[in-house]
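Written below as structure tokens is the structure these notes are about.
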Amino acid sequence: MDISQIKAEARKAAFATRSGVHNTGLDGAANENLLEEIARYPEAEIISAYMAMRTEIDPTPAMKDLHAQGKKLCVPVIDAQGQPLAFVEWAPDCEMVEGTFGALVPAAGARLQPDLVISPLLTFDSRGYRLGYGGGFYDRTFEALRAEKPVVGIGFAYSAQHVSEVPVEPTDYRLDAVVTESEILRF
Ligand SMILES: Nc1nc2c(c(=O)[nH]1)N(C=O)[C@@H](CNc1ccc(C(=O)N[C@@H](CCC(=O)O)C(=O)O)cc1)CN2
Ligand SMILES: Nc1ncnc2c1ncn2[C@@H]1O[C@H](COP(=O)(O)OP(=O)(O)OP(=O)(O)O)[C@@H](O)[C@H]1O
């Protein structure tokens with residue numbers, strides 16, 4: 001099996017595991033841990049998170065809290081396949097429309113360069129590697145952002161998504177931390 005087949009198998013297993021824990025009352029505690037972790041980066045003014053799709057853990061409670069703290073929030077939009085993600089400003093009351101890949105995006109808004117990126121994922125491991133839906137969007141995004149300024153990458157997930165080893169290839173970036181309902185792992 002080549003690496004893309006190995007990743008595809010890992011994604012299949014990860015979807016099943018994540019479905020089993022989604023909507024079981026874990027998101028509240030995870031959002032509290034997320035706010036605790038982000039508080040370690042007071043210099044981060046622009047924070048990107050995401051509009052949950054499928055069975056992703058929902059970061060909007062933390063996003064609303066951060067917005068109330070005066071942070072600028074943004075969410076990813078896809079410009080094109082093979083390109084880094086762009087980020088559009090989000091606020092709790094902004095108008096949302098359906099995006100290219102199933103997640104909601106703001107109907108309008110400024111494009112921002114986040115200092116801190118909260119990333120959704122299918123699985124993560126104890127080295128800080130993550131597996132997503134296979135677009136390579138977050139890897140390209142970390143590469144592009146880090147070429148310009150330091151950026152903090154925080155994965156947000158259920159602890160059930162922790163695996164012993166995510167299959168990796170040279171373009172895979174490592175996260176600085178992963179936050180779940182039961183722990184904050186720093187790498
Ligand atoms: N909530 C959320 N928003 C996000 C992301 C995300 O992972 N979560 N993204 C992070 O990148 C971008 C969307 N990326 C996506 C990439 C692929 C697929 C997808 O459905 N892929 C197919 C497989 C396609 C193929 O075979 O190549 C699939 O999984 O069935 C969905 C979203 C931007 N917004
Ligand atoms: N910086 C990059 N430059 C070129 N190709 C890349 C880069 N990052 C990732 N890729 C390629 O994109 C494809 C998908 O990457 P990968 O499997 O890591 O996606 P993912 O992490 O699951 O998805 P996502 O980041 O969108 O959540 C792979 O073939 C990978 O080699």
- Check off (1) within 26 Å of residue 21 (Cβ to Cβ); (2) part of a loop (DSSP other than H, G, I, E, B) for residue 118 and give me the number that stays unchecked. (2)
- Message: Quick check on region 160-169. Is at least one of its residues surrounded by 19 or more Cβ atoms within 10 Å (Cβ to Cβ), within 27 Å of residue 42 (Cα to Cα) and more than 12 Å from ligand 1 (Cβ to nearest atom)?
- Response: no
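Name the one entry in 73, 66, 116 that is away from ligand 1 (no atom under 16 Å from the Cβ), under 16 Å from the mean Cα position of the chain (by Cα) and over 18 Å from residue 147 (Cα atoms). Steps first, please.
Values: 73 fails: away from ligand 1 (no atom under 16 Å from the Cβ); 116 fails: over 18 Å from residue 147 (Cα atoms).
Only one candidate passes the filter, namely 66.
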- Task: Of the conditions (1) surrounded by 16 or more Cβ atoms within 10 Å (Cβ to Cβ); (2) assigned to a loop (DSSP other than H, G, I, E, B); (3) without any contact (Cβ under 8 Å) to a residue 40 or more places away in the chain; (4) aliphatic (A, V, I, L, M), residue 66 clears all except one; give me its number.
- Result: (2)
- Message: Of the residues 107, 80, 39, only one is free of Cβ contacts under 8 Å to residues at least 24 places away in the same chain and within 21 Å of residue 148 (Cβ to Cβ); which?
- Response: 80
- Task: Check off (1) surrounded by 20 or more Cβ atoms within 10 Å (Cβ to Cβ); (2) touching a Ser or Thr at 6+ places or on another chain (Cβ under 9 Å) for residue 37 and give me the number that stays unchecked.
- Result: (2)
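Of all residues being assigned to a helix (DSSP H, G or I) and near ligand 2 (Cβ under 6 Å from one of its atoms) in region 124-141, which is nearest to the chain's Cα centre (by Cα)? Just the residue, please.
To start, the set of residues in region 124-141 that are assigned to a helix (DSSP H, G or I) comprises 137-141.
Still in the running and near ligand 2 (Cβ under 6 Å from one of its atoms): 137-140.
On the way: 137: 11, 138: 8, 139: 11, 140: 13 Å.
Applying the filter and picking the extreme gives 138.
Return yes or no: is residue 47 in contact with a Cys (Cβ under 8 Å, 6 or more places away or on another chain) and either under 25 Å from residue 168 (Cα atoms) or open to solvent by less than 40 Å² (accessible area, probe 1.4 Å) (or both)? Write out each step before concluding.
Working: in contact with a Cys (Cβ under 8 Å, 6 or more places away or on another chain): yes; either under 25 Å from residue 168 (Cα atoms) or open to solvent by less than 40 Å² (accessible area, probe 1.4 Å) (or both): yes.
The answer is yes for residue 47.
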- Does residue 131 satisfy the criteria of being within 13 Å of ligand 1 (Cβ to nearest atom) and over 29 Å from residue 94 (Cα atoms)? yes
- Among the residues of region 142-160, the number that are away from ligand 2 (no atom under 13 Å from the Cβ), of a type outside the set (Lys, Arg) and within 23 Å of residue 62 (Cβ to Cβ) is 7
- Please find, within region 91-139, the residue that is modelled with the lowest pLDDT out of those that are of a type in the set (Phe, Trp, Tyr) and open to solvent by 50 Å² or more (accessible area, probe 1.4 Å). 101
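Residues to consider are 182, 164; find the one that is part of a loop (DSSP other than H, G, I, E, B) and touching a residue at least 40 places away in the same chain (Cβ under 8 Å).
Numbers: 164 fails: touching a residue at least 40 places away in the same chain (Cβ under 8 Å).
It is 182.
The values are calculated or read from the model by the stated rules, or taken from the named source; none is laboratory data. Keep in mind that this is a model prediction, so the values were computed, not measured. Here the Cβ is made from the backbone with ideal geometry for all residues, glycine too, and neighbour counts use every protein chain on show. Just so you know, the surface numbers come from the protein's heavy atoms only, side chains and all, with ligands and any DNA or RNA stripped out. Shrake-Rupley method; radii C 1.70, N 1.55, O 1.52, S 1.80 Å.
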